[in-house]
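Reading through the structure tokens given below for one structure.
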Amino acid sequence: MNMHSHLPTLERVLIQPETATSQDLPGVRAASLGGALRSRLPEDHPLRNTLRADALSLGMRHAQIRTEVRSLLRVWASEDIHALIFKGFALAEFDYASSGERLYGDVDILLPDQPSVIWRAAHLAMAHGWRSDGQHADPSTWTHETMHLYSPNGHVRLDVHRCVIGLRSGVTLRRAQDLTAGLRARARQLDWDGVSISLPHPLDAAVLNVALGRSWGGDSGGLKPADYLDLQILSDRYDLSMVDLAAHAANLGAAHTWAAFLRVCNPYTGQLVLGPARTQPIIFAGLRGDGVHPRLAHWRGRLVDLRRGWPLLPVSLLDVLAARAATVKGADPQDHLRRWTPAGPVRRLPLGTLQDRIMVIGWWTTLLYPRQKRRGVCVPRAYASYRSLRRSGHPVRFVSGVATGPGGVHGHAWIEDDRGQIECYNEPENRNRFRELFSFPASE
């Protein structure tokens, strides 16, 4: 479903929820805002009963995630590893009136930026059935995150941060570290039913986690509908005034970004603008005022990537051309995959090498399929990635899935390895969106 076609509806129902009608439901549900809207409707509104299932479903999902997250944090706390929880999960658990109101994807945790702590946390998690993507073992690959952990039952993806702000928008590591140190110093300590954790100070939750987390975090000047609700909830719950929030933003060196953010997302005045085409120029102007230059950072990052990936270009082109030929030929995908699977033992590639190979395959795929966003090139990309990584011995799997949506049945293909999702493939929602039809080699 095209979310952009629903943006005017979402803007209206978030600002004036009482105006919602049954015609607004497709857009509301596409944005997973059914539970949030229900809690904001008058008691006699006809949609309250209709949206009850939305709230219950979201609440049940949160309960599953909560159980698994608490079990790991209890293990860490018993070993003197204390986590700070922030963003969506923290808001749903501790700030919203009910857990059936706030959808979130990953669970975000902040741990100390110390390799010994990260390694110990990873091994404790794995000893209790969690899986790591392996990033914890190679600090040279760390960004603002140090690893991703997946729970035993598959309900949770835990993003373990060392910095509270992402680095893709042009924020330097030093600046991100300073903001993180301030967040830690101001954090609230909480006994969460027997588990010792930390939560951001309300001012940080509003300014640093919502406004700067979105604007300085690499989201290209876009907003999510939940940003408006998060600011509204935090402002009401903790009685945060506009003056206090603006002063806190200035202390963080983000006065211009905060002012720009309020121009497109301000629950105090009922102002909300969704859609990057309209919000990006405003947000980027604020970033420049605070010394953050996302476009410069983007091209600087591209140059670094090009230097790393240059030696892989010729051989990766052969992989992409072979994938293109197989896609044109059709036939059983497993026949092609079988030909590309060499005999002999597998050997895991270093994470940096894995990232570079997938990155270069993505470049060639983009070049050879210039209309890829319209046509979709999941099969040739997955084919080429599988061929490249298998040729090097990495234990990669090709996965084919299917989903049913408003437009009918949709197929998709991607790759995983023996640890599951490959973070740098950059498709974190595949398992949530698609039901597996087959994998090669087959899952054990």
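For the chain, set up a GNM with springs between Cα atoms under 10 Å and report which of Gly154, Gly330, Gly134 has the largest fluctuation. Top of the fluctuation ranking is Gly330. Most fluctuating residue of Gly376, Gly170, Gly309 in a GNM of the chain with Cα springs under 10 Å: which is it? Checking each option, the largest mean-square fluctuation is seen for Gly376.
From the alpha carbon centroid of segment 173-208 to that of segment 86-102 is 16 Å. I'd like the carbon and sulfur percentage of the solvent accessible area for the chain, probe radius 1.4 Å, heavy atoms only, ligands and nucleic acids excluded. Carbon and sulfur together cover 53 percent of it.
Heavy-atom accessible surface of the chain, averaged per residue, reaches 47 Å², computed with a 1.4 Å probe. Note on the chain: GNM, Cα springs under 10 Å; of Gln114, Gln421, Gln135, the largest mean-square fluctuation is that of Gln114. For the chain, the longest principal axis of the alpha carbon atoms and the long axis of helix 52-78 meet at an angle near 80°.
The values are calculated or read from the model by the stated rules, or taken from the named source; none is laboratory data. No experiment lies behind these values; they were computed from the predicted model shown. The area values use the complete protein model at the heavy-atom level, side chains included, leaving out ligands, DNA and RNA. Shrake-Rupley method; radii C 1.70, N 1.55, O 1.52, S 1.80 Å.
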